[in-house]
Amino acid sequence: MHKKFFLVTTIVLAVAAGLTASVFAQSPGHAFGHRHGWMLKHMTKQLNLTEAQQTQIKNIMADSRTRIKPLMQQLRQNEQAANANVTGSFDEAQARAFAGKQAQIMSDLMVERQRTKSQIYSVLTPDQRQKALQLMQQHEQRRQERLQKKSDQSQQTQGK
């Protein structure tokens, strides 16, 4: 009974921590540990943004941060509350309530992220949009390759 509880608790906490970390990493201004200005500098260089576009995008990203900040706080508070309620027995209803609340917050964060992308996309010229799509596809391809490499390394380690 204790092993099952420990296993379930560990899995729930690991998933919650992973979701929190992934949202934090994806939120504007925090990607890959960079500060707020990194994303705009990168977009300016890659897409050849005008001064007016840079100003508009900077404002969009600032607005996004203000909308995302309370959601990130909710996510952390919910996780802290769930961790504070860990006892010697497993309460499935409580675990499901925690997971449901986390899922709703994650959904809200994803909507905000998509809203920000859409607003930025509307500032770009057709050529810049096409270039941005190419860059996103390349980024996703590299991400998939890294995931595959990690998976291959993990399988090799387990096979030994």
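The values are calculated or read from the model by the stated rules, or taken from the named source; none is laboratory data. Quick caveat, the model's predicted, so the values are computed rather than measured. Counting neighbours? That spans all protein chains shown, and the Cβs are built from the backbone with ideal geometry, glycine included.
Find the residue count for region 97-112, including only residues that are under 13 Å from residue 67 (Cβ atoms) and either surrounded by fewer than 17 Cβ atoms within 10 Å (Cβ to Cβ) or in contact with a Pro (Cβ under 7 Å, 6 or more places away or on another chain) (or both).
The total comes to 3.
Could you please tell me which pairs satisfy a Cβ distance under 7 Å, a separation of 6+ or placement on different chains, a first residue in region 114-138 that is farther than 18 Å from residue 45 by Cα, and a second residue that is outside any helix (DSSP H, G or I) and at pLDDT 95 or above?
Within 7 Å, no pair qualifies.
Residues that are on the phi > 0 side of the Ramachandran plot and at pLDDT 90 or above: does region 20-42 have at least one?
no
Just to be sure before I move on: is residue 116 farther than 27 Å from residue 57 by Cα and hydroxyl-bearing (Ser, Thr, Tyr) in the structure I sent?
So residue 116 fails the test.
Does residue 102 meet the test of being farther than 27 Å from residue 133 by Cβ and modelled with pLDDT of 90 or more?
Answer is yes for this residue.
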